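Trainee: Just passing along the structure, written as structure tokens.
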Amino acid sequence: MSELSVNHLLGIKYLNENDIQLIFETADHFKEVINRSIKKVPSLRDITIANIFFENSTRTKLSFELAEKRLSADIVNFSAAQSSVKKGETLIDTVNNILSMKVDMVVMRHSNPGAGIMLSKHIKAAIINAGDGAHEHPTQALLDSFSIRERLGDVAGKKVVIVGDILHSRVALSNIFALKLQGAEVKVCGPKSLMPKHIESLGVTVETDLRKALNWCDVANMLRIQNERMDVSYFPNAREYTKQFGLNMSLLNSLDKEIVVMHPGPINRGVEITSEVADSSQSIILDQVENGVAIRMAVIYLLASKIK
Ligand code: CP
């Protein structure tokens, strides 16, 4: 199989296990390319990609832009803050205007869950979801699994705990789908107030004791508290949260085994994770960022090869 089963990357929910393996094998190749002295390939010289970001981003936006440039695609960047969206233009009108400039692919981040799904029903271009509200962040989950595979050899059979603000996290949902599809065991850990109802229906178990969760796992993915998505208080204060769910060096060193520590970024240093842990040899946070470029090159390349 050398083709994805989908024409868009709207969420991990729409992928199968073969799609993930194909993306990883393609990313292996591109990772080798971006570590050469000449980091560019001419693969997408005839493809134009619009990066449309309605929400802030550092890693994802830069990573997509770099991936597109490494593939020699033409790119246009759109940031809602400086656009006619501020004058009341709708999402579909905005995107259709961009597409009439002959754009083949749209990479979109939007605060509304399902924004990419809605768009895919109205426009012809291939769409990549770069994060839609608290719904999915598929390329983040792909780069997370790719980084686990790189560090531990495989994702199947590994025990992964996702810690923190599960309720507001698109990273958590996409990671759960991706990890389960590859045969990992998944636990979620955090305050009850930040745990979605019926989360067990996704095939994960819930643990509210961080030490127990860490002693169980091979990998801990520490999530950021998403203050920007909270309209009420979900825990007393940041200090209380850190006491119960923060990862520091003394906790890490007291565990039964050496675990791998991940974080999707941006990090609230000293809240969900201390600087010492983030910068330790057990942390693969910067590997995740590096792998993001190779994963996004793979996704763009595979979707572009399906454009008629
Ligand atoms: N991990 C992630 O999505 O980071 P950004 O919000 O900076 O893109």
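The values are calculated or read from the model by the stated rules, or taken from the named source; none is laboratory data. Note that the coordinates shown come from a computational prediction; the quantities given were computed from them, not determined experimentally. Backbone-built Cβ (ideal geometry, glycine too); neighbour counts: all protein chains shown.
Trainee: Given (1) touching a Gly at 6+ places or on another chain (Cβ under 8 Å); (2) modelled with pLDDT under 95; (3) of a type outside the set (Lys, Arg), where does residue 177 come up short, assuming only one miss?
Mentor: Unmet condition: (2).
Trainee: Going by the conditions given, is residue 297 outside the structural domain of residue 191 (by TED's automatic domain parsing) and at pLDDT 95 or above?
Mentor: Details: outside the structural domain of residue 191 (by TED's automatic domain parsing): yes; at pLDDT 95 or above: yes.
Spelling it out, residue 297 is indeed outside the structural domain of residue 191 (by TED's automatic domain parsing) and at pLDDT 95 or above.
Trainee: Taking the options 51, 77, name whichever one is under 18 Å from residue 126 (Cα atoms), within 16 Å of the ligand (Cβ to nearest atom) and at pLDDT 95 or above.
Mentor: The conditions single out 51.
Trainee: Here's a follow-up. Condition first: away from the ligand (no atom under 16 Å from the Cβ) and surrounded by fewer than 22 Cβ atoms within 10 Å (Cβ to Cβ). Now tell me which residues in region 113-122 satisfy that.
Mentor: Passing the criteria: 114, 117, 118, 120, 121, 122.
Trainee: Also: Quick check: is even one residue across region 86-107 within 16 Å of the ligand (Cβ to nearest atom) and of a type in the set (A, V, I, L, M, F, W, C)?
Mentor: yes
Trainee: Being modelled with pLDDT of 95 or more, aromatic (Phe, Trp, Tyr) and crowded, with 17+ Cβ neighbours inside 10 Å, is that true of even one residue in region 24-38?
Mentor: yes
Trainee: Check off (1) more than 16 Å from the ligand (Cβ to nearest atom); (2) hydrophobic (A, V, I, L, M, F, W, C); (3) surrounded by fewer than 17 Cβ atoms within 10 Å (Cβ to Cβ) for residue 62 and give me the number that stays unchecked.
Mentor: Result: residue 62 fails condition (1) only.
Trainee: Hey, another quick one. Are there any helices (runs of 4 or more DSSP H) wholly within region 1-100 with 2 or more residues that are more than 27 Å from residue 202 (Cα to Cα) and of a type in the set (Gly, Ala, Ser), and if so which?
Mentor: Filter on region 1-100 gives 59-70.
Trainee: Quick one: how many residues across region 186-200 are without any contact (Cβ under 8 Å) to a residue 40 or more places away in the chain and in contact with a helix residue (DSSP H, G or I) (Cβ under 8 Å, 6 or more places away or on another chain)?
Mentor: Result for region 186-200: 3.
Trainee: May I ask you to say which residue of 269, 296, 239 is among the basic types (Lys, Arg) and touching a residue at least 60 places away in the same chain (Cβ under 8 Å)? Steps first, please.
Mentor: Numbers: 269 fails: touching a residue at least 60 places away in the same chain (Cβ under 8 Å); 239 fails: touching a residue at least 60 places away in the same chain (Cβ under 8 Å).
Just a single option satisfies the conditions, and that option is 296.
Trainee: Additional query: Identify all residues within region 279-298 that are more than 13 Å from the ligand (Cβ to nearest atom), farther than 30 Å from residue 3 by Cβ and not in a loop (DSSP other than H, G, I, E, B); write none if there are none.
Mentor: Across region 279-298, the qualifying residue is only 283.
Trainee: Go through the residues of region 180-199 one by one and say whether even a single one is under 16 Å from the mean Cα position of the chain (by Cα), assigned by TED's automatic domain parsing to the domain that holds residue 257 and of a type outside the set (S, T, N, Q).
Mentor: Checked against the condition, which is being under 16 Å from the mean Cα position of the chain (by Cα), assigned by TED's automatic domain parsing to the domain that holds residue 257 and of a type outside the set (S, T, N, Q), region 180-199 yields at least one hit.
Trainee: Quick one: how many residues across region 299-308 are of a type outside the set (A, V, I, L, M), surrounded by fewer than 19 Cβ atoms within 10 Å (Cβ to Cβ) and in contact (Cβ under 8 Å) with a residue 12 or more places away in the chain? Please lay out each step first, then the result.
Mentor: Restricting attention to region 299-308, the residues satisfying the condition of being of a type outside the set (A, V, I, L, M) are 301, 305-306, 308.
Filter once more, so that each one left must be surrounded by fewer than 19 Cβ atoms within 10 Å (Cβ to Cβ): 305-306, 308.
Narrowing further to those that are in contact (Cβ under 8 Å) with a residue 12 or more places away in the chain: 305-306.
Residues that pass the stated criteria total 2.
Trainee: If I ask for residues that are surrounded by 20 or more Cβ atoms within 10 Å (Cβ to Cβ), in a strand (DSSP E or B) and away from the ligand (no atom under 16 Å from the Cβ), which ones from region 244-278 would you list?
Mentor: 247, the sole residue that qualifies.
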